[in-house]
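Reading through the structure tokens given below for one structure.
The values are calculated or read from the model by the stated rules, or taken from the named source; none is laboratory data. On a predicted model such as this, the values are computed, not experimentally measured, just so you know. Backbone-built Cβ (ideal geometry, glycine too); neighbour counts: all protein chains shown. Heavy atoms of the whole protein, side chains included, go into the accessibility calculation; ligands, DNA and RNA do not. Shrake-Rupley method; radii C 1.70, N 1.55, O 1.52, S 1.80 Å.
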Amino acid sequence: MSRRARTVVAFQDLTEKDHCVDEVDLAILKELQVDGQLSLVELGRRVRLTAAPVQRRLRALERDGWITGYVALIDPVRARRGFEAFLEIELADQSRGTLTLFEERVQLLPEVTECHRMSGRPDYLLKVVTHDVKYFNLFYLDQVLSLPGILRSKTHISLSRIKYTTALPLPRSVREYSEPSVNRHSAGPNHST
């Protein structure tokens with residue numbers, strides 16, 4: 001009996017996990033990025049599986065680190081945190097101690113929703129969310145300028161958010177990653193068993 005073998009990709013280079021994803025796993029991930037509250041039955045309907053195999057796949061994706069958590073996304077305006085600013089931070093030196101201390105202190109600031117260490121200058125890019133410009137100014141003067149090792153900073157205020165998503169741009173298919181690391185489950189070159 002001949003059947004097409006599924007193409008799966010070992011994303012070990014990316015995740016260092018041993019779980020291989022296939023087209024159905026990608027479909028599950030895409031659906032959950034749009035609505036993380038889908039029931040197993042509804043998710044199964046969308047990816048053409050019953051609830052039990054969907055649940056097994058979800059557990060594997062969670063166990064292997066593909067799914068790192070489930071959260072509620074809160075409207076920043078309703079939460080009175082609609083003012084966004086981006087800060088470029090340059091440090092006085094690049095010693096491991098200065099970097100570590102700076103990063104540890106940033107972790108303690110809930111207004112900083114993202115912190116990225118950059119190549120070149122600036123050393124860091126921070127996204128700060130506050131109630132309004134007045135509160136941002138207080139936060140900047142009291143908290144940001146007291147961070148260890150700061151040489152200079154530059155502030156960019158967001159006038160409006162044009163695009164915002166938490167969804168990652170997943171591949172359209174497993175074949176997008178097939179060149180460097182494809183595992184084909186087949187008995188021969190025509191991929192049939």
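Mind telling me which of the residues H131, H156 ends up being modelled with pLDDT of 95 or more and touching a Gly at 6+ places or on another chain (Cβ under 9 Å)?
H131
Going through segment 125-167 one residue at a time, which ones are among the aromatic types (F, W, Y) and open to solvent by 50 Å² or more (accessible area, probe 1.4 Å)?
Y135, Y164 - these are the residues of segment 125-167 that are among the aromatic types (F, W, Y) and open to solvent by 50 Å² or more (accessible area, probe 1.4 Å).
Please enumerate the residues belonging to segment 137-167 that are in contact (Cβ under 8 Å) with a residue 40 or more places away in the chain and aliphatic (A, V, I, L, M).
V144, L147, I150, L151, I157, A167
Considering each of V34, V47 in turn, give the residue that is farther than 30 Å from D123 by Cβ, open to solvent by 50 Å² or more (accessible area, probe 1.4 Å) and either at pLDDT 95 or above or among the hydrophobic types (A, V, I, L, M, F, W, C) (or both).
Sole residue among the options that is farther than 30 Å from D123 by Cβ, open to solvent by 50 Å² or more (accessible area, probe 1.4 Å) and either at pLDDT 95 or above or among the hydrophobic types (A, V, I, L, M, F, W, C) (or both): V34.
Working only within segment 124-154, note down all residues that are closer than 15 Å to L91 by Cα and either in contact with a helix residue (DSSP H, G or I) (Cβ under 8 Å, 6 or more places away or on another chain) or part of a strand (DSSP E or B) (or both).
Answer for segment 124-154, where residues must be closer than 15 Å to L91 by Cα and either in contact with a helix residue (DSSP H, G or I) (Cβ under 8 Å, 6 or more places away or on another chain) or part of a strand (DSSP E or B) (or both): Y124, L125, L126, L147, P148, G149, I150, L151, R152, S153, K154.
Go through (1) farther than 30 Å from V133 by Cβ; (2) part of a strand (DSSP E or B); (3) not hydrophobic (A, V, I, L, M, F, W, C) for G97 and report which single condition fails.
(2)
Of the residues that make up segment 58-78, is at least one open to solvent by less than 100 Å² (accessible area, probe 1.4 Å), at negative phi and more than 21 Å from the chain's Cα centre (by Cα)?
No, the conditions are met nowhere in segment 58-78.
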